[in-house]
Each structure stands twice: as C-alpha cells, then as structure tokens.
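Have a look at the structure below, then the notes.
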Amino acid sequence: MAVFKKSLVFLLVLLTAFALQIIFFSPISPDILELPLTSPSVSVPPSNNQLQKVIKLGEGLLEGPEDVAVDEDGALYTATRDGWIRRLHRNGSREDWKKFESNTLLGIATPKRGGLIVCDADKGLLKVTDDGVTVLASHVDGSEIRFADDAIEASDGSIYFSVASTKYGLYDWTLDLLEAKPHGQILKYDPSTQHTSILLDGLYLANGVALPKDEDFLLICETFRFRCLKYWLKGESKGKTEVFVENLPDGPDNINLAPDGSFWIALIQVVQIVPQGMEFVHTSKALKLIISNFPKLVELVTSGVKKKATVINVAANGNIIKRFDDPDGTVVSFVTSALEFEDHLYLGSLKNDFVAKFPLK
C-alpha cells in the first residue's frame, strides 16, 4: 500500500510539473479563434476544379514564389524562398535578377518610377533597382518591423504595407494562428520625409493590401478574421475603417486590383487547417497550450493549409463574382496571390515550385 501511495504521489507530481510546463512555458497565450459561420452571410460560388487547368511557368526553378508582379514592359517578377527575385520575360526566357541572403521575401509591387518594392519579413520594406537594394523601413515608432508582408504604392509615392504580426515571424505564423490575438498592423511609408507611421493596428494577421483606381481607400486582408477591411484615405470617412467583405470560406491572403476595378483575392485554408473534424482545436485554449509546446503537433494541425487552392474575384461593392479552385491541390496548392494581366491570372504560392498561369477567357 505504501508503494502504491508513493507511486501515486510521484505520478501527481509529474502531472503537476507537466501542467506547469504547459502553462508557464508555452510560446503562446491563446484566445479562441472566431471561425466563419457555417452558412456564409455572403454569397459564395460553389467550389470547382478550374485551377487544375493552369499552365506551369518555371516549374522546378521557383521555390515558393509567394507573390507576383508585372512591370510596364510585361515582365513578370516573383521572389522565391532561396532569396532570388526572378524575372520572366514575354518571350519565355527567365532571368535571375537579384539575389538576397534571405528566405523571407514575401509581397512585391512595381512602383511608378521603376524597380521593385519588396517586403522582407525579417528586414522590412525594401526598394530594389538595377543599382542595388535600399531599406526604406526597418523600424516604426522605435520598434523593429518583424513580419513585413505585402505592399502597394500610391500615386503620390506613399507606400502602404502590412505587418502580419508584431510578435511572430514568417516561420512561426502557425503560432500566431493558434494564439489568435491581434498582432497585425498597417504602416505607411512617406518618401518625402522617409518616415514610417502606423495607420492601423490590432489586426488578426494583416496580409494583402490593395488600392482602387481612385485611391479613395485601402483594402486590407485580415486573414484570421476571414474578412477584408476598407480603410478610408479620402473624403468624409477619412481615417475610418469598415468591412469590405466578411465571413469568407477561408482566410484571405494577398489581394490585387483587376483591370475592371474588381479585386482578386487568394484564400488560404484556415477553417479546415486542421485535419477533418478537428476544428475544435481552435475553440479550446487548453488544447492550444498543449499543442504549441510540441512542434510535431503544431505541424499536424496546420498541415491542411497546403492541400488546396482557392481564388475569388470580388466586385468593388464587396460582392463575390467568381471563384476558381483546385479543391484537392492536385495541380496547384497553397495559392497566396492572384494577379490579372492580359486575360490571365498569375498565381503565387508558398508551396509550389512554379508560377501558375490561368486563362480567364
């Protein structure tokens, strides 16, 4: 009996130590993630397999081309995980344009005066030209920019860009998902003063940004809230924020203006990011604490993000017009950006080793 009691005490001590380890040494301080409604409040076209018709550009040569941009000459740019910015010309030739000692290059944009605007999750906001690289913004209000994500330049040269998280970096974004707290920001870089300011904070993974043709407002993808916001830059509502589109079937990643004034949004699989039937992970703080302490479990519950591809086209009034999918990721998966150019969509991805070209006509 004495041996049994000692064993029981020892077991209780172990369990207590384990619980304290989970609570006090967890890398996250979680909240509940608000999942989209089962019956969406917006009209979403049904899933399809249209993206299985894509043409693969640069297959095997482009490692995780997260975003794409096109310059005035029609050259396509993408930044890859091996630190290269690569340029694909109209004639089909490929050029290794610029090399960085970085595996955290994300959103890119072509500014009015040439070159390329690049978000490096680790280094901040960069300007890249044939002559070299300039760091435009690495800090804001005395704090280092930790996770620069996407950028867009306005006609006056101002650059609006997102910081996905002020707490976690690119390769820890799954912890940001499990924590489910608003660490995201929208920043503005003023080229005349070289000053960077905070426009918005308290966002749940601030992601893609886009401007309409009249630049009256800025659209912001808030991935872990399954919605896009509209931040007014002009008019009576200047400085105010409202919802542009919400209750999306998956988390919005990058967003780009289409020639007709609508917007293309890439969706990543956040709702079903855990194995089928395990959505309850996002509704339990205790379970999140346990999972976050074990990298293999974190990998397990976030593995679904790489298994499908979805792109939607949203009108200027927030109505969803079109939807294209590869529901099983058979041909293309983990699509993070969609850019329309000359009746085709060019799709970036953090998983694929190519840029996908999808005909719209």
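Taking the listed residues Glu95, Glu101, Glu72, the one that is acidic (Asp, Glu) and in contact (Cβ under 8 Å) with a residue 24 or more places away in the chain is Glu72, with no other qualifying. Scanning the range 204-228 for residues that are free of Cβ contacts under 8 Å to residues at least 40 places away in the same chain, in a strand (DSSP E or B) and out of contact with any Phe, Trp or Tyr (no Cβ under 6 Å at 6 or more places or on another chain) returns a single hit, Arg227. Only strands (runs of 3 or more DSSP E) whose full extent lies in the range 45-161 are considered here, and the ones with at least 3 residues that are closer than 23 Å to Leu360 by Cβ and of a type outside the set (Ser, Thr, Tyr) are 55-57, 68-70, 105-109. Report yes if Leu199 is more than 22 Å from Ser165 (Cβ to Cβ), of a type in the set (A, V, I, L, M) and surrounded by 14 or more Cβ atoms within 10 Å (Cβ to Cβ), otherwise no. Spelling it out, it is not the case that Leu199 is more than 22 Å from Ser165 (Cβ to Cβ), of a type in the set (A, V, I, L, M) and surrounded by 14 or more Cβ atoms within 10 Å (Cβ to Cβ). Within the range 133-141, does at least one residue satisfy the condition of being under 19 Å from the mean Cα position of the chain (by Cα) and either crowded, with 20+ Cβ neighbours inside 10 Å or closer than 13 Å to Pro191 by Cα (or both)? No: the range 133-141 contains no residue that is under 19 Å from the mean Cα position of the chain (by Cα) and either crowded, with 20+ Cβ neighbours inside 10 Å or closer than 13 Å to Pro191 by Cα (or both).
For the range 29-75, the set of residues classified as in contact with a strand residue (DSSP E or B) (Cβ under 7 Å, 6 or more places away or on another chain) and more than 30 Å from Ser93 (Cα to Cα) consists of Val42, Ser43, Val44, Pro45, Ser47, Asn48, listed by residue number.
So, in the range 329-361, how many residues would count as being in a loop (DSSP other than H, G, I, E, B) and without any contact (Cβ under 8 Å) to a residue 24 or more places away in the chain? Show your work before the answer.
Looking only at the range 329-361, we keep the residues that are in a loop (DSSP other than H, G, I, E, B), and these are 329-334, 342-343, 350-354, 360-361.
After this cut, where a residue has to be without any contact (Cβ under 8 Å) to a residue 24 or more places away in the chain as well, the list is 329, 343, 360-361.
The qualifying residues number 4.
When we screen Asp253, Asp260 for residues that are in a loop (DSSP other than H, G, I, E, B) and among the acidic types (Asp, Glu), the only hit is Asp260. All conditions in (1) of a type outside the set (Asp, Glu); (2) touching a helix residue (DSSP H, G or I) at 6+ places or on another chain (Cβ under 9 Å); (3) over 26 Å from Leu211 (Cα atoms) hold for Leu106, with the sole exception of (3). Please verify whether Val42 is within 22 Å of the chain's Cα centre (by Cα) and at pLDDT below 95, treating the condition exactly as stated. Here the answer is yes, as Val42 does meet what is asked. Pairs are defined by a Cβ separation below 7 Å, a sequence spacing of at least 6 or placement on different chains, a first member in the range 144-166 that is closer than 10 Å to Tyr189 by Cα, and a second member that is charged (D, E, K, R) and surrounded by fewer than 19 Cβ atoms within 10 Å (Cβ to Cβ); the pairs so defined are Glu153/Lys112; Ser158/Asp190.
With respect to (1) in contact (Cβ under 8 Å) with a residue 12 or more places away in the chain; (2) under 22 Å from Gly124 (Cβ atoms), the lone exception for Pro249 is condition (2). Checked across the range 311-322, the condition of being under 22 Å from Ala210 (Cβ atoms), outside any loop (DSSP other than H, G, I, E, B) and touching a Lys or Arg at 6+ places or on another chain (Cβ under 6 Å) holds for at least one residue.
The values are calculated or read from the model by the stated rules, or taken from the named source; none is laboratory data. Computed from a predicted model, the values in this text were never measured in an experiment. Heads up, the Cβs are rebuilt from the backbone with ideal geometry, glycines too, and the neighbour counts pull from every protein chain shown.
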